[in-house]
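Heads up: the structure comes next, in structure tokens.
The values are calculated or read from the model by the stated rules, or taken from the named source; none is laboratory data. All figures in this text were calculated on a predicted structure; none of them were measured in a lab. Positions of Cβ are backbone-derived with ideal geometry, glycine not excepted, and every protein chain shown enters the neighbour counts. The accessibility values were calculated without ligands, DNA or RNA, using every heavy atom of the protein model including side chains. Shrake-Rupley method; radii C 1.70, N 1.55, O 1.52, S 1.80 Å.
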Amino acid sequence: MATTITTSPRHETGQPPSGPLVRNSPSNSSSRSRRPLSTTTRASSGGVFLSRSESGPVVFFGDRSRLGTVPSHDYSQGGRHQHKPRREQQQHHRRHASSPASGDSSYDSSHPAVRGPRAPSVGGVYPPDTGRGGGGGGRRGGERRGTASIADDGDVAASSSNGPRLVLLSPSVADPTVAVVPPSSSSVLALDPVEQRSIAKRKRREHARDPRYADIRRVVDELNMAVGPENRRVAIEMATKIFDHGDDTRHSAELYLGAANVLGLVLSTSDQDDEMRSVSGALEMVYRAEREAVVSSYQDVGAALVPLLLRLLERCEDGRRVTASTESIVTHVSRTLLHMSRISQLRVPLAGHPGMMTALERVATLPLSAENRELRMRLLANLANSEGNKVAIFERTGLMEATMQIATLNREYASAILMDLSSCPANQVAMARSDKVLATLVKLAVVEDKVETREYAVSGLQNLAFEKDNRTKLVSYGSGVVIEALKKCITSDPNDKTRRRSAGALTNLVCDETAERMSNHPGLFQTLAQVSATDKNDDVQQRATLALTKLANSITVRMPCWEGLLDALIVASSCAVADGIVSAMFRVKARVEENRESMTNHPRLLETLADLCLRTSVSEDMKASQKDCENAIKAVAHLANEPLNHKSLCNKSVLAALVHCASLEGREEMVTRARDAAVLAMERMAMEHSNRPMMARHPGLLVSIAQATEREMKEEINLSGTINGQPRLAKPLLMSLLVAM
């Protein structure tokens, strides 16, 4: 008889052992013969062997520093249980309790789930986002987003990044649900593996003494001790009954007490469909546990259990068909892997298991049920939400083809996958070169009924537009179909986040190489202007205004779209949250000498500048209104530098604005600059002799100039020279106007 390590019935605590028992294995056992799924499975780390003897499963321990399977005991030194002194345990516990929580990287956030807009980076480009909350894309997404790679609100690129959008399995229901998990939702993510194992050992000892979990310890022991077929069947039925509940705390206790370990052993020696169906179902139940418990279980047995599950999937799906008898096994295995994938730190090792990518590729080639197809896509979406997997997944040609093919059936998850992959800079150029990827994103953004699907698709486009080399390709693809899709989303989509990310994507697309093509796209100027002025969401208004002004920066008077640009800027000037960027664009354009005559003669432009100057008297946001006032009055002063404009500028609206600005009170630098610009503009306009009588008779104009003269005289007494860099113009102007009267 071969001697193996055994646990005593009561160890340390006086309670039954909490992990699977290891027994002597008599060679003359009468248990039934069965062909195991895998007679021997070795953990990839070399620490655990799942083996089968004639009397049942036996656990052999290798290097304990790598991986162990009996969770409640440590046999690394002569079979003696090792534990820390009580004081050291207390210190360790305090360190754990005070350790900061850290979160996942993507997608948006999320999605960019619940957060304000991110400021665009230099050049007005929104960084990639998963768009998936908790996480950027999100992504993101983007706006993060998206996977926020696109997202210029950064939200863009919606992979998350403010955090990833995770697919979770609710412990109280069998069907997985989509939820947003905050990045700091579990302190386990902040701990190193050694500390996690130490915490897990402490919790195992606590659960082993807790009378509430006596039934769990009993069923784990019976599963481990079951030898004959009938005993085995009864133990599995009891496990299924005990583990089938909606309390995630109890599920965590099940994992800590070794349920996953012993179920893996039983599953590795099963060859009957009914038994494998029951065992895989019980395994799925226990993995509905809390995140910390799932991580601990994966460290103990995951390196051996995941390959076992993948081989079971391959066996059930062999021959490109799934029979009715194996469909539920596929469901249980898929759900178990999905439970593991909700933990961000497990996604990279999960994706690295041989056979995982192949199993995901089969989603498009096998006649899976709708439920199993969705579970497989959710698993892929979770894995794609990890930065460490994005390049590997995209480089699997078969996996990308499967995602495109399945996009017509499971659109939400296909859209989320593309959003997360597009948030990775290494993927962006190659994805933009794929017409199939672009066509899928455009279709999902425009025709999909589900809000999340449209949001992820738009975030994916925003992520791709973040890469400068992609912009010309995206703008020219399909004769402007990408721009048309974004234009439709920004105007008609009821979801604020989708509209915001659409505006961010348009902002990202603008550069010197694409500006003229985009400006000539039918209705784009008008759409951006209307959205910036009337959208109910402030963030959408700001992004649309930024896209419009970024386009305007590359447009010249010689282009056929010049007049349309001026019309759009006039409409956008009424945006209450523009923060001065529209008025600044008027000022920038008025600096260019060849633009001045066209701008002065353009309908409603001078009246718009006058309204911006007068806005300080009615606006609640004083700082923004002062900024608009300064930009607008300086634009008027630039226009007045053109002699051909003097007659056109001399109208009641402009004169009222000049009087208002020249009469501003205060010593703030912005106010001083606005007053000086108003006096300068009036002096230029007075160079046209025919303007002087009208100017002299305009209400308040002479008074404002007299006040400016008084300020200049006081400054001359105190300092001499010039005032704030401006020549003393008020006194000569006053004299010339008095003569004209």
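Just the residues that are open to solvent by 10 Å² or more (accessible area, probe 1.4 Å), under 22 Å from Leu305 (Cβ atoms) and touching an Asp or Glu at 6+ places or on another chain (Cβ under 7 Å), please, taken from region 336-384.
Within region 336-384, Ser344, Gly355, Arg362 qualify.
Name the one entry in Thr534, Thr527, Thr556 that is β-branched (Val, Ile, Thr), at negative phi and open to solvent by less than 40 Å² (accessible area, probe 1.4 Å).
Working: Thr534 fails: open to solvent by less than 40 Å² (accessible area, probe 1.4 Å); Thr556 fails: open to solvent by less than 40 Å² (accessible area, probe 1.4 Å).
Of the residues listed, the single one that is β-branched (Val, Ile, Thr), at negative phi and open to solvent by less than 40 Å² (accessible area, probe 1.4 Å) is Thr527.
Enumerate the pairs (first residue in region 596-622 and among the hydrophobic types (A, V, I, L, M, F, W, C) and open to solvent by less than 60 Å² (accessible area, probe 1.4 Å); second residue anywhere and at pLDDT below 75 and not in a helix (DSSP H, G or I)) with beta-carbon separation below 9 Å, excluding pairs fewer than 6 apart on the same chain, so at least 6 apart or on different chains.
Listed pairs, sorted by first residue: none to list.
Taking region 496-515 as the region of interest, how many residues are surrounded by 17 or more Cβ atoms within 10 Å (Cβ to Cβ) and over 20 Å from Ser573 (Cβ atoms)?
The first filter runs over region 496-515 and keeps only residues surrounded by 17 or more Cβ atoms within 10 Å (Cβ to Cβ), leaving 497-511, 514-515.
Right, trim to over 20 Å from Ser573 (Cβ atoms) and you get 497-502, 504-505, 508-509, 511, 514-515.
The qualifying residues number 13.
Out of the residues in region 385-405 that are open to solvent by less than 10 Å² (accessible area, probe 1.4 Å) and of a type outside the set (A, V, I, L, M), which is nearest to Glu290 (Cα to Cα)?
At the first step, the residues of region 385-405 found to be open to solvent by less than 10 Å² (accessible area, probe 1.4 Å) are 385, 389-390, 393, 399, 402-403.
Pick out the ones that are also of a type outside the set (A, V, I, L, M) and you get 385, 389-390, 403.
Values: Asn385: 20, Asn389: 24, Lys390: 26, Thr403: 30 Å.
For region 385-405, the residue satisfying everything is Asn385.
Which residue is nearest to Lys488 (Cα to Cα), if the candidates are limited to region 425-443 and must be hydrophobic (A, V, I, L, M, F, W, C) and open to solvent by less than 10 Å² (accessible area, probe 1.4 Å)?
Our first condition is that a residue be hydrophobic (A, V, I, L, M, F, W, C); within region 425-443, this holds for 426, 429-432, 437-439, 441-442.
Cutting the leftovers down to open to solvent by less than 10 Å² (accessible area, probe 1.4 Å) gives us 431-432, 437-438, 441.
Values: Met431: 23, Ala432: 21, Val437: 19, Leu438: 16, Leu441: 14 Å.
Selected residue: Leu441.
Return the total of residues in region 574-603 being modelled with pLDDT of 95 or more, in a loop (DSSP other than H, G, I, E, B) and either of a type in the set (A, V, I, L, M) or within 33 Å of the chain's Cα centre (by Cα) (or both).
Going through region 574-603 one residue at a time, the tally reaches 1.
Only one of (1) farther than 21 Å from Met377 by Cβ; (2) within 34 Å of the chain's Cα centre (by Cα); (3) buried (at least 21 other Cβ atoms within 10 Å of the Cβ) is not met by Met276, so which one is it?
Of (1) farther than 21 Å from Met377 by Cβ; (2) within 34 Å of the chain's Cα centre (by Cα); (3) buried (at least 21 other Cβ atoms within 10 Å of the Cβ), only one is false for Met276: (2).
Considering Ile236, Ile242, which residue is closer than 25 Å to Asp210 by Cβ, among the aliphatic types (A, V, I, L, M) and open to solvent by 20 Å² or more (accessible area, probe 1.4 Å)?
Values: Ile236 fails: open to solvent by 20 Å² or more (accessible area, probe 1.4 Å).
Answer to the check: Ile242.
Restricting to region 516-572, name every residue that is under 17 Å from Lys589 (Cβ atoms) and basic (Lys, Arg).
Matches in region 516-572: Lys550, Arg558.
Taking Gly666 and the conditions (1) open to solvent by 50 Å² or more (accessible area, probe 1.4 Å); (2) not in a helix (DSSP H, G or I), which numbered condition does it fall short on, given that it satisfies the others?
(1)
Restricting attention to region 630-637, does a residue exist that is assigned to a helix (DSSP H, G or I), under 20 Å from Ile570 (Cα atoms) and over 43 Å from the mean Cα position of the chain (by Cα)? Before the answer, list the steps.
First, the residues of region 630-637 that are assigned to a helix (DSSP H, G or I): 630-637.
Applying the additional criterion that residues be under 20 Å from Ile570 (Cα atoms) yields 630-637.
Applying the additional criterion that residues be over 43 Å from the mean Cα position of the chain (by Cα) yields 636-637.
Yes: one or more hits.
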